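The values are calculated or read from the model by the stated rules, or taken from the named source; none is laboratory data. Please read all numbers here as calculations on a predicted model, not as lab measurements. Heads up, the Cβs are rebuilt from the backbone with ideal geometry, glycines too, and the neighbour counts pull from every protein chain shown.
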Amino acid sequence: MSSDAIQHDASIPNPKKWLLFGAIGLFVSLIGFFVDTRMAAFSYLIGLLFITSITVGMLFLILIHHIMDASWSVVVRRQAENFLSAMPYLGILFIPVFLLTYLSGNQGVLWIWMDPTEPLHGHGTVGEDILWVKKQWWLTEPFFWIRAAIAFGTWILFARAFRKHSITQDTDGSPSHTHASRKLAAGGLFAVALTWTMAGFDWIMSLEYHWFSTMFGVWFFTNAMRAALAVLILTSIFLVSKGPLKGIFNNKHLHDLATLSFAFTVFWGYITFSQYFLIWNANIPEETFWYNLREQGLWWEVSMLLIFGHFLFPFLYLLQFPLKVNHKSMIFIATWILFMQLVDIFFNVLPSLKDSHGEPMQLFSSPVNLIWYAAGIVGAGGILLWAYWSSYRKTRIIPIRDPRIVESLNHNF
């Protein structure tokens, strides 16, 4: 059976189904904008950040693959490239954030610094705040939206370029596509790292514009990598179970993805601890308040869950070789890591939403909020999977004429 025929097998999900899920999620989010504007807006942002982190993580994996001229990862690279097809649509999904800011009647609906008249509990308004005044060179609305456009533009540009070279190579077999991709990766690694860091500062850190951390961009990168690796593991195992990657993706490939996941688990723990330790040690009010807010109510339990669930448990789990080459065990831990990545984004974003008393919004403050949480994730997630499966049906299952495809196919213990 040809690779084209395999990819159109009836067992492979229909992209239209995921488009429907995405449309339903986006429609529910739209309803939420009228019912509870701020909570729905924060939920939508969380969903968009979560799904975008997966896609940008895939772009980082491709960049690293090319810059290292790796051979083992060639057979899984095409699935990462398929996920990149969602990048333009995620850029479009950022437009409602812009519209909400100026059409909701509250310009500070997400980022309070966008409304200088927004009252600050205990000390005047945003416009009178010396910290906002000092940061105004960066925190200006036109510059903020321009940076967002630059970020998505950069990711889309590199995603399209890598996909074009890889897919065209399937037809003409020219090694020039591999050399061009390697050159693109040399500049792309810096460009994507810079824009992703910038996005983290803008979209998450500036929700609490008083707060700052020089390590936040690295945390944002690490989470993107962990999420992308988890999704790539789940996708590869699914395609093996359904047939297309059976006999192609072997236990050594799975082991290498699991090892990378272990490495970034350790790196996440190092970055997260270092950020907390440096802020605790310096004991500067403009920094410590961020953690103080996240020690209130249920957020304390969530922070403990991140320590033990997002670091310690995956760390100990992925130390064990038998688990790293077992499909069922890797499905479990990849799903677990992906869930904890979502919890981590909630932990970093949602407490920035304050109630009428200036207290951080609790995770389960109202059962209705669960609807808005789910809508934001399902909306962006449905679009991601629709784009992935649409691209999947149009491309070969692996880069069949990549110069290192034979090495990758023979990659084994």
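At a glance:
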item: Extreme residue, farthest from Gly269 (Cα to Cα), among residues of the range 307-322 that are surrounded by fewer than 17 Cβ atoms within 10 Å (Cβ to Cβ) and of a type in the set (A, V, I, L, M, F, W, C); result: Phe321
item: Residue in the range 198-214 that is among the aliphatic types (A, V, I, L, M), over 23 Å from the mean Cα position of the chain (by Cα) and surrounded by 20 or more Cβ atoms within 10 Å (Cβ to Cβ) present; result: no
item: Where a residue in the range 46-68 is polar (S, T, N, Q) and its partner, wherever it lies, is not in a helix (DSSP H, G or I), with Cβ under 7 Å and at least six apart; result: Thr55/Ala86
item: Pick from the range 161-189, criterion without any contact (Cβ under 8 Å) to a residue 60 or more places away in the chain and under 22 Å from the mean Cα position of the chain (by Cα), ranking: surrounded by the most Cβ atoms within 10 Å (Cβ to Cβ); result: Ala161
item: Given (1) assigned to a helix (DSSP H, G or I); (2) free of Cβ contacts under 8 Å to residues at least 24 places away in the same chain; (3) over 30 Å from Glu118 (Cβ atoms), number of the condition Gly200 does not satisfy; result: (3)
item: Residue list for the range 288-306, filter: farther than 21 Å from Gly269 by Cβ and under 23 Å from the mean Cα position of the chain (by Cα); result: none
item: Residue ID - surrounded by the most Cβ atoms within 10 Å (Cβ to Cβ), chosen from residues in the range 238-294 that are in contact with a helix residue (DSSP H, G or I) (Cβ under 8 Å, 6 or more places away or on another chain) and among the polar types (S, T, N, Q); result: Thr265
item: Of the criteria (1) under 19 Å from the mean Cα position of the chain (by Cα); (2) of a type in the set (Val, Ile, Thr); (3) at pLDDT below 95, which one Val231 fails; result: (3)
item: Residue check, Phe339 under 30 Å from Tyr44 (Cα atoms) and either modelled with pLDDT of 95 or more or of a type in the set (A, V, I, L, M) (or both); result: yes
item: Hits in the range 354-413 - residues which are hydroxyl-bearing (Ser, Thr, Tyr), at pLDDT 90 or above and either under 30 Å from Gly91 (Cβ atoms) or not in a helix (DSSP H, G or I) (or both); result: Tyr373, Tyr388, Ser390, Ser391, Tyr392, Thr395
item: Answer from Val56, Val28 - the residue that is modelled with pLDDT of 95 or more, within 21 Å of Thr197 (Cα to Cα) and assigned to a helix (DSSP H, G or I); result: Val56
item: 1 or more residues in contact (Cβ under 8 Å) with a residue 60 or more places away in the chain: qualifying helices (runs of 4 or more DSSP H) within the range 256-319; result: 285-293, 299-305
item: Residue list for the range 358-401, restricted to those being charged (D, E, K, R) and out of contact with any helix residue (DSSP H, G or I) (no Cβ under 7 Å at 6 or more places or on another chain); result: Glu359, Lys394
item: Checking Ala80 against (1) modelled with pLDDT under 95; (2) surrounded by 19 or more Cβ atoms within 10 Å (Cβ to Cβ), the condition it does not meet; result: (1)
